[in-house]
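To start, the structure itself, in structure tokens.
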Amino acid sequence: MQRIVSSITTLEHHCNALSQTPEVYRPPCCPHCGLKVLWRHGYYHRKADRGRHGEASFNPVPISRYCCSGCRRTCSRLPLCIAPRRWYDWLVQQDVLQKLLSGFSLHACSRCTCLDRRTVRRWRDWLHARSATFAFFLRSRFPELGRSDEGPPFWRAVLDHMPLAEVMGWLDRDLIVP
Ligand SMILES: [Zn+2]
């Protein structure tokens with residue numbers, strides 16, 4: 001659904017883009033009704049900077065919001081470096097998935113990453129539930145991923161091929177990245 005702007009991979013780049021080329025974030029059409037007439041509607045903020053603190057931090061990170069002139073609902077697009085509807089960023093989730101895919105138990109993965117076991121389980125189930133759909137769209141773009149079933153070997157190959165954020169950037173062109 002083109003919710004993700006794949007070309008923007010760092011918070012610094014995002015903040016520069018907001019001031020210099022803000023139109024990069026204008027959605028091509030309303031994700032709710034499809035109308036192409038959207039006007040700018042301020043910002044909302046995400047505490048997306050998990051690495052820097054104090055003065056150096058980009059938090060709170062502004063995200064441009066748009067309002068549809070038809071249905072009046074709002075929408076926005078995110079840079080690749082900020083994951084939709086997640087507190088953790090893609091890299092943290094990628095690390096967890098790679099550990100699980102290489103055979104770590106939920107318990108071991110939770111202990112190694114210092115993440116709650118429920119979070120680890122939720123991400124495992126998240127991928128499991130969508131695996132076939134994700135695999136279908138990824139294979140249509142990357143035939144080199146092969147035709148093997150979409151179990152752990154497939155996902156290990158995917159994540160060796162590109163980071164999770166980039167996987168989601170590609171999937172976002174075909175479906176709503178959950
Ligand atoms: Zn609309």
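The numbers here are math on the coordinates, done by the rules we state, and not lab data. Given the structure is predicted, the values throughout are model-derived calculations rather than measurements. Because the Cβ atoms are built from the backbone with ideal geometry, glycine has one as well, and the counts that use them run over all protein chains shown.
For the chain, the normalised intensity computed at q = 0.20 Å⁻¹ comes to -1.34 (log10 of I(q)/I(0), Debye sum over alpha carbons, equal scatterers, no solvent). Considering only Cα atoms, the convex hull volume of the stretch 94-178 works out to 85 Å³ per residue.
Net charge within 14 Å of D89 by Cβ-Cβ distance, Lys/Arg positive one each and Asp/Glu negative one each, not counting D89 itself?
Once positives and negatives cancel, what remains is +3.
Taking the fewest neighbouring Cβ atoms within 10 Å as the starting point, the ordered list for K36, K99 is K36, K99.
At what distance in angstrom do the alpha carbon centres of the stretch 36-115 and the stretch 147-178 lie from each other? The stretch 36-115 and the stretch 147-178 have Cα centres spaced 17 Å from each other.
Dividing the summed -39500 (n - 2.57) terms of all DSSP H runs of n ≥ 4 by the residue count of the chain sets its mean residue ellipticity at 222 nm at -13000 deg cm²/dmol.
Candidates H53, C71, L91 compared by Cα position along the dipole of the stretch 42-93: farthest toward the positive end lies C71, with charges placed on Cβ. Listed from fewest to most Cβ neighbours within 10 Å, the set H107, H14 follows the order H107, H14. Per residue, the convex hull spanned by the Cα atoms of the stretch 4-79 measures out at 88 cubic angstrom.
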